[in-house]
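K.L.:
Here you go, one structure.
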Amino acid sequence: MKTLIFDSATEDAIKICADIIKRGGLVGMPTETVYGLAANALDSEAVAGIFKAKGRPQDNPLIVHIANIDELYELAAEVPETALKLAEAFWPGPLTMILPKSDIVPREVTAGLDTVAVRMPSHSAARRLIELSGVPVAAPSANSSGLPSPTTAQHVIRDMNGKIDAILNGGDCDVGVESTVISLACKTPRILRPGGISPEDLSEVIGKVDIDPAVLSELKKDEVAASPGMKYKHYSPKAKVYIVHGNFENYKKYVESAKGENKFALCFDGEEKLLNIPALTYGHAGSSREQAHRLFNALRELDDLGADTVYARSPAMSGMGLAVYNRLLRAAAFDIIEV
Ligand code: TXA
Ligand code: MG
């Protein structure tokens, strides 16, 4: 398949992409979190195409993107007060809510679950694309399944060129990690995936929120994931990644003693100058926001450099740091080295 690539998200380009979605095609869509692979959420065949292009396991449900709050009432069987409070505070933006699904949502989208994930993105091109398509848009991250999520159009081109109808370049993604996924289909709202909105921010609006244990620890064999995406290996570059947990002095000692061919440090800005091993950085130690913005790109760059082992500095876990740590943990397949 020839993939149309639009170098900028002009109104004309967005119109063509909206037509593609209307007739059941697939579009690489910029959002403020990561690029999505968009299709008409109400068209089961189009949705099946998403799974095929990504190589995504069939039991991993998709997020449905909307441009207008009215669409939430069509997709969800019930809209509790909490959902409205969250929408008021954080939409449009990097928050996905899980609610009981209505009958119009095809089971291909929810992978057979009786809940649906809904998000209203803030990226102007994404909103315009959804508006012009005239339908809710299902979109997982636009990477090949298992690879780091794409934060630039170039990443999408690498993974999806020839497999989808079009890619719309809307610039680098601002947030850089995916949306926060919160389930409102349980008694106490529960974070299934940390992301662009921090647990602290959510609590300020709706009080107590739980954090699903799968956010920070590996599921045991046969354990059922609240969010099916949590059980898959994710965000992995080709290299074996380790999180090295400890202060910089001990980190330096450890990685310098382990150095060898194609071994790289993934550290905070400024630290690379103090290390006697090839290093890439992913933001300042004190800025979780910057680390989130740069992490996935850094993981892809390490692949380009031919890294086979990567020792990552451990991020702080508060605020958006929880999302950064969650993604690194999965990239590292939960391998942590204490120093
Ligand atoms: O920021 C984002 O959320 C991006 C952009 C494109 O919007 N999308 C994204 O989609 O990250 P994806 O498919 O890569 O991740 C969706 C996550 C998966 O972990 C999936 O299992 C979970 O949301 N999910 C979707 N529907 C669910 C449901 N009904 N119940 C529980 N988890 C659900
Ligand atoms: Mg994904």
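The values are calculated or read from the model by the stated rules, or taken from the named source; none is laboratory data. From a predicted model like this one, the values you see are computed outputs, not experimental measurements. Cβ atoms come from the backbone with ideal geometry, glycine included; neighbour counts cover every protein chain shown. Surface accessibility is based on the protein's heavy atoms, side chains included, excluding ligands, DNA and RNA. Shrake-Rupley method; radii C 1.70, N 1.55, O 1.52, S 1.80 Å.
K.L.:
Do we have VAL205 as surrounded by fewer than 16 Cβ atoms within 10 Å (Cβ to Cβ), within 23 Å of VAL116 (Cβ to Cβ), outside the structural domain of CYS186 (by TED's automatic domain parsing) and not hydroxyl-bearing (Ser, Thr, Tyr) here?
P.N.:
no
K.L.:
When you go through (1) more than 16 Å from ligand 2 (Cβ to nearest atom); (2) of a type in the set (Val, Ile, Thr); (3) closer than 18 Å to ILE66 by Cβ; (4) crowded, with 24+ Cβ neighbours inside 10 Å one by one for THR180, which number turns out not to apply?
P.N.:
Only one criterion is unmet by THR180, namely (1).
K.L.:
Continuing with the same structure: Just need a number here: residues in the stretch 236-259 that are open to solvent by less than 40 Å² (accessible area, probe 1.4 Å) and in contact with a strand residue (DSSP E or B) (Cβ under 9 Å, 6 or more places away or on another chain).
P.N.:
9
K.L.:
So, in the stretch 2-45, of the ones that are in a helix (DSSP H, G or I) and free of Cβ contacts under 8 Å to residues at least 24 places away in the same chain, which residue ends up farthest from ligand 1 (Cβ to nearest atom)?
P.N.:
Going through the qualifying residues, I end up with ASP12.
K.L.:
Please determine whether any residue of the stretch 212-231 is part of a loop (DSSP other than H, G, I, E, B), crowded, with 22+ Cβ neighbours inside 10 Å, more than 10 Å from ligand 1 (Cβ to nearest atom) and modelled with pLDDT under 95.
P.N.:
no
K.L.:
Open to solvent by less than 10 Å² (accessible area, probe 1.4 Å) and out of contact with any strand residue (DSSP E or B) (no Cβ under 7 Å at 6 or more places or on another chain) - does that describe any residue in the stretch 112-132?
P.N.:
The answer is no, given that none of the residues of the stretch 112-132 is open to solvent by less than 10 Å² (accessible area, probe 1.4 Å) and out of contact with any strand residue (DSSP E or B) (no Cβ under 7 Å at 6 or more places or on another chain).
K.L.:
Given the criterion open to solvent by 70 Å² or more (accessible area, probe 1.4 Å), away from ligand 2 (no atom under 16 Å from the Cβ) and within 16 Å of ASP165 (Cα to Cα), identify the matching residue among GLU45, GLU11. Lay out the reasoning, then the answer.
P.N.:
Working: GLU11 fails: within 16 Å of ASP165 (Cα to Cα).
Answer to the check: GLU45.
K.L.:
Exactly one condition in (1) under 18 Å from TYR35 (Cβ atoms); (2) more than 16 Å from ligand 2 (Cβ to nearest atom); (3) open to solvent by less than 20 Å² (accessible area, probe 1.4 Å) is false for ALA83; which is it?
P.N.:
Unmet condition: (1).
K.L.:
Could you list, in sequence order, all residues of the stretch 129-143 that are more than 11 Å from the chain's Cα centre (by Cα), outside any helix (DSSP H, G or I) and either within 16 Å of ligand 2 (Cβ to nearest atom) or not aliphatic (A, V, I, L, M) (or both)?
P.N.:
Within the stretch 129-143, GLY134, PRO136, VAL137, ALA138 meet the criteria.
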